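Report on the following structure.
Values quoted throughout were computed directly from the atomic coordinates according to the rules given, and no laboratory measurement underlies them. Everything numeric here is computed off the predicted structure, so don't read it as measured data. All Cβ positions, glycine included, derive from the backbone under ideal geometry; neighbour counts span all protein chains shown.
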Amino acid sequence: MELAPYAADDRKARGRRTPEPSAGHRSEYQRDRDRIIHSAAFRRLEYKTQVFVNHEGDLFRTRLTHSVEVAQIARTIARSLRLHEDLCEAISLAHDLGHTPFGHAGQDALNHCMRPYGGFEHNAQSLRVVDELEDKYAEFRGLNLMFDTREGILKHCSAARARELGEIGERFLQRTQPSLEAQLTNRADEIAYNNHDIDDGLRARLLTLDQLREVDLFRRHHDEVVDRYGQIHPKQQRHETIRRIINTLVTDLLGASQAALTQTGVDSIEAVRTLDKPLINFSPQIQTENEQLKRFLREHLYRHHQVYRMMVKAKRVVHELFDAFMQDPRLMPPDFFTAARRYEADLGEIGRARAVADYVAGMTDRYALDEHERLFDPRRLR
Ligand code: MG
């Protein structure tokens, strides 16, 4: 299929930080995707979670299955808009690589610990993982990904961080937009997590169908399912409703975005990159309904008593790990200790904190719990 004129095109793209010979039988974005899949950080996504803690149950989403769902939704949208599917897939699979253990709680805690040292931003950390921390290629640093892939991974970024990052951070200072592939992957992420949080929330019995019927988007589709099938099993009601919501969101996004693309008449990725607003959007009505859903999840799921208690414990673990390593970096594995010494030579305490944050952020949920026990329980020998 021919790409749209405003699609990313690896043959004309800005390329890699260290130039490499062409990828041959693969597109450059396929090569990026392959490097991401073969990274250690990608394998660790299996044991990291967003809302729940990894050991809470095998049926809940992990960051790995979330990333696969994002890739699936993003590719569907990309193909329909004739954008570059491979680029969307690469961005999707890498977008959460920098996440800490314990989801939002871990992220907040690490950001809090890092406040005196420039803060911790998970999007910037995802970029740091692919640019620096995955360090196993002989000829370049990190995974040496394409500019377009790196741009998509850096979804959000503070102005201070943007200044540090140079070229890749520029758009946050200029307030311009990334490629359409990056924009749509961002939306696919949102569609994926809102819907799987409903699904996992119901499954964990933290939410009920009745409660969810306060949300217009949910009630409309749930009514449709009940009208059509009568009283089917709650598991089927749940899934039939959620698949309809996802389909509505994707269809609406496609329609509204296609209309915006036609209306603005952009004809190249460069033109897209000069705009100050994204072109990949929901219609105003669905945007409002989607925000209502997000608000609902914030109030009823992310702040649910049971989730809250888990989050407080998770934060304590992250804080205690951070403080212990900060006080004595020698407690970290030798590679991180060496990195701490190296960064410290350049940046002082900020450098040491950066190495500690890299170590803590890289942990899976279960590794963090285990490491905490190893450090603080004197009965553990190793
Ligand atoms: Mg995500």
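Based on a Kirkwood Rh over C-alpha pairs, give the Stokes-Einstein translational diffusion coefficient of the range 230-331 at 25 °C and viscosity 0.890 mPa s in µm²/s.
Reported coefficient: 134 µm²/s.
Any chance you could run the full-extension gain for residue 236 through residue 210? It's 0.36 nm times the residue separation minus the Cα-Cα distance, nm to one decimal.
Computed gain between residue 236 and residue 210 is 7.8 nm.
What list of ³J(HN,Hα) couplings, whole Hz, do you get for the range 289-298 from phi and the Karplus terms 6.51, -1.76, 1.60, once you set θ to phi - 60° and write x for glycine and proline?
Per residue, the Karplus-derived 3J(HN,Hα) values read 5, 5, 5, 4, 4, 4, 4, 4, 5, 4 Hz.
Per-residue counts of other Cβ atoms within 10 Å, averaged by peptide: what ranking do you get for 147-156, 35-44, 196-205, 221-230, highest first?
147-156, 196-205, 35-44, 221-230
Rounded to the nearest Å, what's the spacing between the alpha carbon centres of the range 355-372 and the range 1-45? Just the number, please.
That distance is 29 Å.
Taking K and R as +1 and D and E as -1, what net charge do the other residues with C-beta under 12 Å from the C-beta of residue 303 add up to?
Residues close to residue 303 contribute a combined charge of +2.
Could you work out the Rg to Rh ratio of the range 191-274, with Rh taken as the Kirkwood radius (inverse of the mean 1/r over all Cα pairs)?
My calculation puts Rg/Rh at 1.16.
Starting from the 7 Å offset along Cα-to-Cβ, what nm value, one decimal, do you get for the label separation of residue 285 and residue 229?
It works out to 2.5 nm between the two label points.
Quick one: if you stick a label point 7 Å off each Cα along the C-beta vector at residue 135 and residue 277, how many nm between them?
Once both label points are built, they end up 4.5 nm from each other.
According to a simple spin-label model (label point 7 Å from Cα along Cα-to-Cβ), what is the distance in nm between residue 349 and residue 254?
According to this spin-label approximation, the distance is 5.5 nm.
Per-residue HN-Hα couplings for the range 112-120, Karplus 6.51 cos²θ - 1.76 cosθ + 1.60 at θ = phi - 60°, whole Hz, x for Gly and Pro?
5, 4, 8, 3, x, 10, x, x, 10
Using a 10 angstrom cutoff on alpha carbons, build the Gaussian network for the chain and name the most mobile of 160, 71, 188.
160
Tabulate in residue order the Karplus-calculated ³J(HN,Hα) for the range 91-106, using 6.51 cos²θ - 1.76 cosθ + 1.60 with θ = phi - 60°, rounded to whole Hz; enter x for Gly and Pro.
Result, rounded to whole Hz: 4, 4, 6, 9, 5, 10, 4, x, 6, 6, x, 6, x, 4, 5, x.
Check the chain and count each lysine pair with an alpha-carbon distance under 19 angstrom, considering only pairs eight or more places apart or from different chains.
For the chain, qualifying lysine pairs total 4.
Could you calculate, for the range 28-306, the ratio of the Cα radius of gyration to the Kirkwood radius, expressed as Rg to Rh?
Computed over Cα atoms, the ratio is 0.97.
Under unit Cβ charges (Lys, Arg +1; Asp, Glu -1), what dipole magnitude, rounded to 20 debye, does the range 267-358 have relative to its Cα centre?
On the way: 15 positive and 14 negative charges, 101 e Å.
Dipole about the Cα centre, nearest 20: 480 debye.
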